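These notes concern the structure reproduced below.
What follows draws every value from the coordinates through simple rules; no lab data is involved. Note that the structure is a prediction, hence the values are computed from the model and not measured.
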Amino acid sequence: MSKVRALIELPETLYRTLLAHGYSKERIAAESRKLLALKCFRDKVLSLGKAAELAGLSRWDFIEYLSESGVPVVDHKNEVLTQEARAAKKLARRARR
């Protein structure tokens, strides 16, 4: 599989500040990929699997990263949850008969 390189440019003074706090070029790249993956997943641009791939994490590790970042893995809209609740109530009524 071929790859495409995407670069970010930082002012040297900003990079030196990050470096002084333990952010090597590799760490900046890895963190940037994870944050982009999180945003793309949250905005429904990428699926869970593709976002995990972009982040360089396994699906489970990416799910944990999402959880730590306060991003829900399953994001049902209220109307979907309402429909599912109605369906569950109907099934419960039928089971009682």
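Things worth noting here:
- nm² value of the averaged projected area, convex hull over the Cα atoms of the chain: 9.8 nm²
- Listed by chain and number, the aspartates and glutamates whose alpha-carbon sits under 16 Å from that of Lys44, ignoring those within fewer than 8 places in the same chain, are Glu53, Asp75.
- Fully extended contour minus Cα-Cα distance, from Val74 to Leu10, at 0.36 nm per residue: 19.6 nm
- Secondary-structure-derived ellipticity at 222 nm for the chain, considering helices only, amounts to -21000 deg cm²/dmol, per-run term -39500 (n - 2.57) for DSSP H runs with n ≥ 4.
- At least 24 Å along the helix axis (C-alpha) and Kyte average at least -0.5, DSSP helices within the chain: 25-42
- Mean separation of Cα contacts under 8 Å (6+ apart) over length of the chain, as relative contact order %: 15 percent
- Listed by chain and number, the lysines whose alpha-carbon sits under 23 Å from that of Lys89, ignoring those within fewer than 8 places in the same chain, are Lys77.
- Here the gap between Arg97 and Lys25, fully extended at 0.36 nm per residue and compared with their Cα-Cα distance, gives a gain of 19.4 nm.
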